[in-house]
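Worksheet: one structure, shown below.
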Amino acid sequence: MTDRSLRSLVDTALAALANGREQRGGPLPAATPRQVEQTVDAALGHATLPAEGIGDEAALADLVTAVAAGAADPTDPACTGHLHCPPLDVAVAADLVASALNQSLDSWDQAPAATVLEERVIETLGDLAGLPGAAGVITTGGTASTYTALLLARDAAPSPVRVYSSEIAHFSADRGAHLLGIGEVVKVPVDEQHRLDVPHLARLLADAPADSRPVVVATAGTTDFGSIDPLPALAALVRTHGGWLHVDAAYGGGLLFSDTHRDLLTGVELADTVSLDLHKLGWQPAAAGVLLARDPALFEPLARRAAYLNPVDDEDEGYTSLLGRSLRTTRRADVLKIAVTLRALGRRGLGEKVDACLRLAQYSAAAVRARVDLELVADPVLSTVVFRYAGPDGTADDQINGRLRRALLSSGQAVVGRTEHRGRVLLKLTLLNPDATEADVDRVLDLVVAAGRAELES
Ligand SMILES: Cc1ncc(COP(=O)(O)O)c(C=O)c1O
């Protein structure tokens, strides 16, 4: 690789990206799944691995154009389906460098400066979360962070663990518990505000077998409702029972940057482990997950000695290895884009973006209420707005909601989220675009109403 060849290929890639975006002209391709498949196959020329290569420029131009034309584009304000953020240009630029440098954080001699940088970023995020002296690691996201946290909790003592979470916690807790062989997660109901019902959990813990250790996965920002479990009360309860508190702040963790909303996370500093995802309210290209553990010794179960990676005498001489922090061996320097972003925007810059998203959610809830065809299901806590299409006379059913959402997808006009709660199909705006405006939200809601009416009439 030379700087000149990279620069020219990046120019080609950016031109193809712009071309693909222009071809798409909206938040996602106006196409059925079959049509998307045909476009990708055509770009591949039906030869994903040709006998003879077609060359760098041609391969980049064809495929970048096709994938950009067929992308769900989180930079478009009508792309509101998921916790899928528009990445900051500065973070994308830093991420390109992470690829170009190809550092690997499993040993000092593959990533000298990046190893230091990851330690500094973890220290900073630990301080921000009120966990000074915490250890941590950059992960592939909330799923990996929660899995790792459950592993650390399981191995912290010999007695068996029993995992509890609210009934609307992210499924990664269930998957993690399953993979770790620690049984099914015990589901705790939520209250009217979609927060884990603490008295209910207290009764479950009182009745649990005496030799089991509770591991409570609290959510600070549920995927659908953005609700935040009562962290101080949960921490106190867990302490009484000698258990472990993991706070899944994959979504809500961004509030730590905001002077206005930081208080909603009070109690996170009482956790044993915390996950944050900066590819949600942190505007990083995926992946930028973070796991923090209050005490570095908690990472002990992951410690490994490999003669070719972290020999003792090297470590004794200060050649630090982060091998023992991660489930991965080869691990790219995702920390670079995070560190560059933290410095570029500062706490205030990031906090203002968080505030903008939460403000827009409040506006959106009012805009839903103002439309007779729509029914608001819950007041927003963070930046999601859960609602349904009820129709002019309130009789539109789940099927209509499902169909209208697919109609918006295949017309390429909007990506609206879909979920279910208490057996009903619901629609959702997930507002992670700090530059989106009230007019953008109005347009998406008008599209939902028009699509709903079209379905009712069809
Ligand atoms: C609350 C919560 N936890 C965990 C996750 C999983 O995060 P990731 O997709 O980064 O693995 C999500 C994803 O949306 C989430 O909303």
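Starting from residues that are among the small types (Gly, Ala, Ser) and open to solvent by less than 10 Å² (accessible area, probe 1.4 Å), keep the ones in the range 143-153 and report whichever is nearest to the ligand (Cβ to nearest atom).
Across the range 143-153, the extreme among qualifying residues is Ser145.
If you scan the range 403-439, which residues turn out to be assigned to a helix (DSSP H, G or I), open to solvent by 10 Å² or more (accessible area, probe 1.4 Å) and either of a type in the set (D, E, K, R) or under 30 Å from Asp89 (Cα atoms) (or both)?
Arg403, Arg405, Arg406, Leu409, Ser410, Ser411, Glu438, Ala439
If you check Thr384, Thr330, Thr341, which single one turns out to be open to solvent by 20 Å² or more (accessible area, probe 1.4 Å), within 22 Å of His279 (Cβ to Cβ), modelled with pLDDT of 95 or more and of a type in the set (S, T, N, Q)?
The unique qualifying residue is Thr330.
Please note which strands (runs of 3 or more DSSP E) are completely contained in the range 154-253 and include at least 3 residues that are within 16 Å of the ligand (Cβ to nearest atom) and within 27 Å of Gly81 (Cα to Cα).
Of the strands (runs of 3 or more DSSP E) lying wholly inside the range 154-253, those with at least 3 residues that are within 16 Å of the ligand (Cβ to nearest atom) and within 27 Å of Gly81 (Cα to Cα) span 213-219, 244-249.
Test each condition in (1) assigned to a loop (DSSP other than H, G, I, E, B); (2) within 26 Å of Gly26 (Cβ to Cβ); (3) open to solvent by 50 Å² or more (accessible area, probe 1.4 Å) for Val67 and report the one that comes out false.
It is condition (1) that Val67 fails.
Being open to solvent by less than 10 Å² (accessible area, probe 1.4 Å) and in a loop (DSSP other than H, G, I, E, B) is the filter here, so list the residues in the range 258-275 that pass it.
The answer is Ser258, Gly267, Ala271.
Could you please let me know if Ala111 is buried (at least 21 other Cβ atoms within 10 Å of the Cβ), within 13 Å of the ligand (Cβ to nearest atom) and in contact (Cβ under 8 Å) with a residue 12 or more places away in the chain?
Criteria not met by Ala111.
Give the residue that is nearest to the chain's Cα centre (by Cα), with candidates limited to residues of the range 76-123 that are polar (S, T, N, Q) and not in a loop (DSSP other than H, G, I, E, B).
Filtering first and then ranking leaves Thr80.
Can you tell me how many residues within the range 81-133 are farther than 28 Å from Asp435 by Cα and not assigned by TED's automatic domain parsing to the domain that holds His261?
Residues flagged as farther than 28 Å from Asp435 by Cα and not assigned by TED's automatic domain parsing to the domain that holds His261 within the range 81-133 amount to 0.
Count, please, the residues in the range 276-297 that happen to be surrounded by 22 or more Cβ atoms within 10 Å (Cβ to Cβ), away from the ligand (no atom under 15 Å from the Cβ) and under 20 Å from Arg331 (Cα atoms).
Matching residues across the range 276-297 total 1.
Can you name the number of the only condition in (1) more than 30 Å from Gly346 (Cβ to Cβ); (2) of a type outside the set (A, V, I, L, M, F, W, C); (3) modelled with pLDDT of 95 or more that Ser258 fails?
For Ser258, the exception is condition (1).
Condition check: outside the structural domain of Glu192 (by TED's automatic domain parsing), touching a Ser or Thr at 6+ places or on another chain (Cβ under 7 Å), outside any loop (DSSP other than H, G, I, E, B) and touching a residue at least 12 places away in the same chain (Cβ under 8 Å). Does Val444 satisfy that?
So Val444 passes the test.
Output the number of the condition that Leu404 fails; it satisfies all remaining conditions of (1) closer than 24 Å to Glu192 by Cβ; (2) touching an Asp or Glu at 6+ places or on another chain (Cβ under 8 Å); (3) of a type in the set (A, V, I, L, M, F, W, C).
(1)
Which pairs turn up if I take residues in the range 89-100 that are open to solvent by less than 30 Å² (accessible area, probe 1.4 Å) and look for partners that are part of a helix (DSSP H, G or I) with beta carbon separation below 6 Å, at least 6 apart in sequence or on another chain?
Here the result reads Ala91/Lys337; Ala91/Thr341; Ala94/Leu336; Ala94/Lys337; Ala94/Val340; Asp95/Lys337; Ala98/Leu336, each pair linking the range 89-100 to a residue that is part of a helix (DSSP H, G or I).
Would you confirm whether or not the range 44-57 contains a residue that is of a type in the set (D, E, K, R) and open to solvent by less than 70 Å² (accessible area, probe 1.4 Å)?
no
Tell me whether the range 191-205 contains one or more residues that are among the β-branched types (Val, Ile, Thr) and either touching a helix residue (DSSP H, G or I) at 6+ places or on another chain (Cβ under 8 Å) or over 19 Å from Gly142 (Cβ atoms) (or both).
Yes; the residues of the range 191-205 include at least one that is among the β-branched types (Val, Ile, Thr) and either touching a helix residue (DSSP H, G or I) at 6+ places or on another chain (Cβ under 8 Å) or over 19 Å from Gly142 (Cβ atoms) (or both).
Sort out which residues of the range 3-30 are touching a Ser or Thr at 6+ places or on another chain (Cβ under 7 Å) and assigned to a loop (DSSP other than H, G, I, E, B), and write them in order of number.
Ala30
Can you name the number of the only condition in (1) in a helix (DSSP H, G or I); (2) in contact (Cβ under 8 Å) with a residue 60 or more places away in the chain; (3) of a type outside the set (D, E, K, R) that Ala396 fails?
(1) is the only condition that Ala396 fails.
Could you say whether any residue in the range 359-375 is open to solvent by 10 Å² or more (accessible area, probe 1.4 Å), in contact (Cβ under 8 Å) with a residue 40 or more places away in the chain and part of a strand (DSSP E or B)?
Checking the range 359-375: at least one residue is open to solvent by 10 Å² or more (accessible area, probe 1.4 Å), in contact (Cβ under 8 Å) with a residue 40 or more places away in the chain and part of a strand (DSSP E or B).
Would you confirm whether any residue within the range 37-58 is in contact with a Leu (Cβ under 8 Å, 6 or more places away or on another chain), part of a helix (DSSP H, G or I) and either under 26 Å from Ala287 (Cα atoms) or acidic (Asp, Glu) (or both)?
yes
The values are calculated or read from the model by the stated rules, or taken from the named source; none is laboratory data. Just so you know, these numbers come straight off a predicted model, no measurement behind them. Methodologically, a virtual Cβ is constructed for each residue, glycine included, from the backbone with ideal geometry; neighbour enumeration extends over all protein chains shown. All accessible areas refer to the heavy atoms of the entire protein, side chains included, with ligands and DNA or RNA removed. Shrake-Rupley method; radii C 1.70, N 1.55, O 1.52, S 1.80 Å.
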